[in-house]
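Taking it in order: structure first as structure tokens, then the write-up.
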Amino acid sequence: MKQILVATDFSNSAANAMEYAMALAKTLDMEVCAIHAILPTEGVDNNIFNAVFIKDYYNNKRQALKEWVSTYTSRDEYKNIGVTTLCDVGLVKNVISKYIDENHVELLVMGITGATGITGIVGSNASVLVSIIKIPTLIVPLESKFSKSPVITLATDYETRLSADDVNALNEMVLAFGSQKMQVLYVGEKSDVKHLETGESKLQELIKHAELEFNYVKESSTLSGIMDFIEKNETDILCLVKHHHNIVYRLFNRSTVNQVMNRTVKAILVLHE
């Protein structure tokens, strides 16, 4: 069965991301895996390697993760969701990348602190993971709560093509949520009619289960335009199509994510070419 992978550092933001992921898994009929990376230097005191102590430390961490997950699996609303755990030693990006390479992961979910910026073990790695992970990645701020009928907005420049996996994931979400409409926000630099019409037509072919409403940023600042739009339209999930050379990639940096989260307190779904 397809999985939602949740990165956790046991923080409040990770707990909120897990809550979001469990509700999403129930809607999408998927399993959940909670993953925690034990840094290589954890449990090593004064550089003296004590094999017995380290083994106990790792086992305690694995048990702590199982107990953390049990606070969700013990609830009646989530009793039918399959949940597994994994504690592995290594850098966060390496542990997560390895798991994704070896398992059928549909979506990576990470929590960030939201109004206070990207901090914490998981949060500080959000931008790094978005750069190296090529599956849909949902970034959930602490204040964001799951909506059973979310307003989904896709921000795109029409030039970057969605990967087949991302198209499938987006269609599954739209279908599962029963969304009759999805907002599309054009944030590109080209304004000729042919380019816009072609972009609209291609998206309509890809997104099969919802009517698309096309919108265009008119403000001189693209970032301001995005934030104003998602505020006015009460967007719950902002989808960004990320590519190294497109305008969304240039916008998607640490300060931009903070600004979007500070003003909107919404989830960001990062899609890839």
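Worth a mention:
- Checked against a 27 Å cut-off, the cross-linked pairs 134/194; 2/190; 98/190; 93/190; 208/266; 55/98 give Cα-Cα distances beyond that limit for 134/194; 2/190; 98/190; 93/190.
- Normalised contact order of the range 179-242, rounded percent, pairs of Cα under 8 Å and 6 or more residues apart: 42 percent
- Pairwise label distance in nanometres, residue 204 with residue 29, each label 7 Å out on the Cα-Cβ vector: 3.0 nm
- Nonlocal amide H pairs with residue 212, under 5 Å, H built at 1.01 Å: 182
- Probe 1.4 Å, all protein chains present, accessible-area order of 78, 158, largest first: 158, 78
- Ranked packing of 91-98, 186-193, 2-9, most packed first, by mean Cβ within 10 Å: 2-9, 91-98, 186-193
- Per-residue SASA remark: residue 77, around 90 Å² accessible (1.4 Å probe; ligands, DNA and RNA not included).
- Heavy-atom accessible area for residue 66, with the other protein chains in place and a 1.4 Å probe, reaches approximately 120 Å².
- Residue 74 versus residue 216: modelled label distance in nm, points set 7 Å from Cα along the beta carbon direction: 5.6 nm
- Rg and Dmax of the range 158-242, both derived from C-alpha coordinates alone, stand at 13.0, 36 Å.
The values are calculated or read from the model by the stated rules, or taken from the named source; none is laboratory data. All values derive from a computational prediction rather than experimental measurement. Positions of Cβ are generated from backbone atoms using ideal geometry, with glycine treated the same way; all protein chains shown enter the neighbour counts. Just the protein is used for accessible areas: all its heavy atoms, side chains included, with ligands, DNA and RNA removed. Shrake-Rupley method; radii C 1.70, N 1.55, O 1.52, S 1.80 Å.
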